1. Cβ contacts < 7 Å: first residue within 15 Å of ALA238 (Cβ to Cβ), restricted to the range 63-91; second residue part of a strand (DSSP E or B) and open to solvent by 60 Å² or more (accessible area, probe 1.4 Å), any location; separation 6+ or different chain. Result?
2. Output the qualifying pairs, or none if there are none: Cβ atoms under 6 angstrom, residues six or more apart or on different chains, first residue in the range 233-246 and within 18 Å of GLY277 (Cα to Cα), second residue among the β-branched types (Val, Ile, Thr) and surrounded by 13 or more Cβ atoms within 10 Å (Cβ to Cβ).
3. For the range 224-246, name all the residues that are of a type outside the set (S, T, N, Q) and over 30 Å from SER41 (Cα atoms).
4. With the checklist (1) in a strand (DSSP E or B); (2) over 22 Å from ASP86 (Cβ atoms) in hand, flag the one item ILE204 doesn't pass.
5. Across the range 195-251, what is the number of residues that are open to solvent by 30 Å² or more (accessible area, probe 1.4 Å), within 17 Å of the chain's Cα centre (by Cα) and aliphatic (A, V, I, L, M)?
6. Looking only at residues in the range 119-135 that are buried (at least 16 other Cβ atoms within 10 Å of the Cβ) and out of contact with any helix residue (DSSP H, G or I) (no Cβ under 8 Å at 6 or more places or on another chain), which one is nearest to TYR227 (Cα to Cα)?
Amino acid sequence: MKRHISLRAFSCLCALSALLGPGCQEPTATKTSTGQAGGASRTAVYSRASKDYVRIQNADGSFVPESYLLKEGGNYGGPRVDKTIDLLNFNDITTVIAKPLQDMGYVPSEGRGTKLLILVYWGVTVVPNDISPKDSRDSVTLAAAADSSLSGSRAFHDTPEGAVDAQQARSLLLDSQTSANMEAGQDGHADAKNANLLGYTDEIFRLHVHDPNLTVLEDEIENDRYYVVLLAYDYQAASRFGVHRLLWETRFSIPEQGNDFSKAFPLMASIAGRYFGLDSHGLIHHNLADTNVEIGTPKSLGALPEK
């Protein structure tokens, strides 16, 4: 319950830079990836379109083509060295994304009439246990020391030594509780950033605090996840007037554990691509094993003209 309240309070403070910044840390260890694409892993997708953004459809139900320009938002890495994602560059990412964009009626453009400027971000979330491993936190160390002092007070019952041990145990226990409260606050901040980054916040707010699905969502954001974020802005407003008008966004992710991002990413993009430019009406999950994908031919994306 405390974590849920922390998410609700902290989300109001998160700006766009904060949402995309939790992975900005130097790798601190080596990760060996043995995971494969598919299996029981599920891709989480959150997509939202502005009420002012409306796709026009042809008589056959297909969307009227809209032009776009992709720009690199950045690779925010993660808390460990992970070659399955670290070695991918912007061209690798956009080559995969181009096919689902095409399927949804979006076409790459280099001209001044371009409609959408799509920023692309990818990386791995940084979760509370990455920042401060739970088995080595101050609260745990202090609690263990308090238990040791309490054992000493029992062994020297009704003696000066026992009284000192009992007093020390009470002091250490209070310090442990104080540290635990501080750590819970830090965890809440990390959870809130990841919830916003991955598109979980609205769903978490929607669920009742005792809903078992809430526990599932919180568990997902407290474990490392590969993610990709697409933010589609009004190109004309951005290039001509410097106004960043967000038209639609799509955020999708998958658990890091047991997966190879380079293998899973095409499947993830194929799933998420069904919602590019559309509203998913909340957070949804799809099983990778139920998805097939074909990668299109890379195309030149051009450069953003000077303002």
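1. SER67/VAL107
2. Listed pairs, sorted by first residue: TYR235/THR114.
3. Scanning the range 224-246 gives TYR233, ASP234, TYR235, ALA237, ALA238, ARG240, PHE241, GLY242, VAL243, HIS244, ARG245, LEU246.
4. It is condition (1) that ILE204 fails.
5. So the answer is 1.
6. In this case the residue turns out to be TYR121.
Conditions tested, residue by residue: (1) in contact with a Lys or Arg (Cβ under 7 Å, 6 or more places away or on another chain); (2) farther than 14 Å from LEU116 by Cβ.
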site: TYR226; (1), (2): no, yes
site: ALA232; (1), (2): no, no
site: ALA238; (1), (2): no, no
site: GLY242; (1), (2): yes, yes
site: ARG245; (1), (2): no, no
site: THR250; (1), (2): no, no
site: PRO266; (1), (2): no, yes
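The values are calculated or read from the model by the stated rules, or taken from the named source; none is laboratory data. Computed from a predicted structure; not experimentally measured. In this analysis, Cβ positions are derived from the backbone assuming ideal geometry, glycine residues included, and neighbour counts consider all displayed protein chains. In case anyone asks, the SASA skips ligands and DNA or RNA and just uses the protein heavy atoms, side chains included. Shrake-Rupley method; radii C 1.70, N 1.55, O 1.52, S 1.80 Å.
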